[in-house]
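Okay, so here's the structure we're looking at.
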Amino acid sequence: MKKYVLFPLLIALMGCVTVRVNYDYDSQADFGKYKTYAFSDNTMKMAIDQLNRDRLIQATEKELAAKGFTKSDNADVIVDLHLKAEQIQTATATSTGYGPWGWRYGGGFSTTQINYDKYTEGTLFITLVDKATEKII
């Protein structure tokens, strides 16, 4: 029963995430000549935890495979991943109050609750470098 409840919850949470994709490329590059890739040393040493690094690499490998690329030790293209992220904190205040004649009238009491939310916001840069010319394509 738990897996049936977890799936809709996961879908609902994914709906809260906004992903924006931008790209740029060398319009003079002949992408047809590139068939193989390897990840840069910087990618393999990216300053994030191993689990998330593996997730980023696997997602990139999946997209490259869909474009016809294969992983190789003698690659045509070097793939460099760079992640720029920061922790964001937001605060939301909610006030409630009651008086002797109902809500918001006369004396009485009021309470304010502050909720803090922390999340990571970032940008993933995926750079392809022609191994022969060492130029970004």
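Every number here is computed from the coordinates shown, using simple stated rules; none is lab data. Since the structure is predicted, the reported quantities are computational estimates derived from the model, not experimental observations. Cβ placement follows ideal geometry from the backbone for every residue including glycine, while neighbour counts extend to all protein chains displayed.
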Practice prompt. Can you spot the lysines whose alpha carbon is less than 30 Å from K84's alpha carbon? Ignore those fewer than 8 places along the same chain.
Written response: K35, K45, K62, K67, K71, K118, K131, K135
Worksheet, complete the sentence: Once both label points are put 7 Å beyond Cα along the C-beta direction, the D73-N115 separation in nm becomes 5.4 nm
Worksheet item: Pulled fully out, how much extra length does the chain show between N22 and N52, if you take 0.36 nm times their separation in residues and subtract their Cα-Cα distance?
Response: 8.7 nm
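Going by how many other Cβ atoms sit within 10 Å of their own, how do K71, K62 line up, fewest first? Can you show the working numbers first?
On the way: K71 13, K62 9.
Least crowded to most crowded, the residues run K62, K71.
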Practice prompt. Report, by chain and number, residues whose modeled amide H sits under 5 Å from the one on K131, excluding near sequence neighbours (fewer than 5 apart, same chain).
Written response: V77, I78
